[in-house]
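**Student:** Pasting a structure below so you can have a look.
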Amino acid sequence: MLFFGHRFLESEKFYHINSVEAITNTPPSSYIYLEFSEDNLDIIEHLNANEITYALSIKSIKELMYASALNTNYIVVEKELAKTAQNIAESYLFDAKILVSVEDDESIEEFALLSIDGLIFSNAIIKINS
């Protein structure tokens with residue numbers, strides 16, 4: 001299981017951006033985090049063209065399928081969508097890893113038993129302004 005932002009496990013940080021320009025305010029080789037939206041397709045295109053590692057936060061199965069087709073590295077889901085998203089990712093052999101957004105480590109065992117790829121804690125995401 002992957003862990004991002006756990007209090008005693010070293011991990012990469014994700015930089016939450018809302019524009020291509022905001023990428024310049026992140027450290028070199030940063031992981032980028034953004035929410036899936038049609039308005040963000042230009043950012044996603046830029047990330048792919050520049051081979052920048054990124055995570056897309058999604059809210060539905062349709063967005064899950066888009067995220068995979070857009071070649072995202074990580075797909076962030078809420079707890080309620082976790083098992084379904086993981087099953088679909090395994091069925092379609094997604095390259096992206098499924099990460100569940102969590103606030104504490106109380107659910108590690110639950111998600112391990114569901115074979116979820118990883119967890120992302122809120123402190124792993126740093127908001128960047130343009």
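Readers should treat all values here as calculations from the given coordinates under stated rules, not as data from a laboratory. Just so we're clear, the structure is a prediction, and the values are computed from it rather than from any experiment. Because the Cβ atoms are built from the backbone with ideal geometry, glycine has one as well, and the counts that use them run over all protein chains shown.
**Student:** Fully extended, how many nm does the chain gain between Lys62 and Asn18 (0.36 nm per residue separation, minus their Cα-Cα distance)?
**Tutor:** So the extension gain works out to 13.7 nm.
**Student:** What net charge is computed for the residues neighbouring Asp104, neighbours being all others with C-beta under 14 Å from the C-beta of Asp104, Lys and Arg scored +1, Asp and Glu -1?
**Tutor:** -3
**Student:** Quick one: 3J(HN,Hα) in Hz for region 64-81, Karplus 6.51/-1.76/1.60 with θ = phi - 60°, rounded, Gly and Pro as x.
**Tutor:** 4, 5, 4, 4, 5, 5, 8, 6, 5, 7, 9, 10, 9, 10, 7, 3, 4, 9
**Student:** Please find the FRET efficiency linking Ser11 to Glu90, where r is the Cβ-Cβ separation and R0 is fixed at 22 Å, and quote it to the nearest 0.05.
**Tutor:** Details: r = 23 Å, r/R0 = 1.05.
Rounded to the nearest 0.05, the efficiency is 0.40.
**Student:** Considering amide H positions built from the backbone, and no H for Pro or chain starts, which residues 5 or more places from Leu99, or on another chain, come under 5 Å of its amide H?
**Tutor:** Amide H neighbours of Leu99, under 5 Å, 5+ apart: Ile75, Val76, Val77.
**Student:** Another question about this same structure. Let me have the relative contact order for the chain, percent, based on Cα pairs under 8 Å that are six or more residues apart.
**Tutor:** Dividing the mean separation by the residue count of the chain yields 34 percent.
**Student:** Another question about this same structure. Taking the Cα centre of region 14-86 as the origin, how large is its charge dipole in debye, to the nearest 20, when only Lys and Arg (+1) and Asp and Glu (-1) carry charge on their Cβ atoms?
**Tutor:** 360 debye
**Student:** Two decimals, Cα atoms only, Kirkwood Rh: what is Rg/Rh over the chain?
**Tutor:** Radius of gyration over Kirkwood radius for the chain works out to 0.95.
**Student:** Next question, about the same structure. With viscosity set to 1.567 mPa s and temperature to 4 °C, compute the Stokes-Einstein D of region 90-130, Rh being the Kirkwood radius across alpha carbon pairs; µm²/s, no decimals.
**Tutor:** 109 µm²/s
**Student:** Between Ile61, Leu99, Ile125, whose Cα lies farthest towards the positive end of the dipole of region 35-130 when Lys and Arg beta carbons carry +1 and Asp and Glu beta carbons carry -1, centred on the Cα centre?
**Tutor:** Of the candidates, Ile61 comes out farthest on the positive side.
**Student:** Now for a separate question. Return the sequence-ordered ³J(HN,Hα) values of region 38-47 in whole Hz as given by the Karplus equation 6.51 cos²θ - 1.76 cosθ + 1.60 applied to θ = phi - 60°, using x for Gly and Pro.
**Tutor:** 4, 5, 9, 4, 5, 5, 4, 4, 4, 4
**Student:** Non-local amide H neighbours of Leu2 (under 5 Å, H modeled in plane, Pro and chain starts lacking H): which ones?
**Tutor:** Amide H to amide H, under 5 Å and 5 or more residues apart or across chains, Leu2 pairs with Gly118, Leu119.
**Student:** Also: Might you report the magnitude of the Cβ-based charge dipole of the chain about its Cα centre, with Lys and Arg at +1 and Asp and Glu at -1, to the nearest 20 debye?
**Tutor:** Numbers: 8 positive and 21 negative charges, 13 e Å.
About 60 debye.
**Student:** To test your reading of the geometry: what angle, between 0 and 90 degrees and rounded to tens, separates the Cα axis of helix 82-91 from the longest principal axis of the chain?
**Tutor:** 80 degrees
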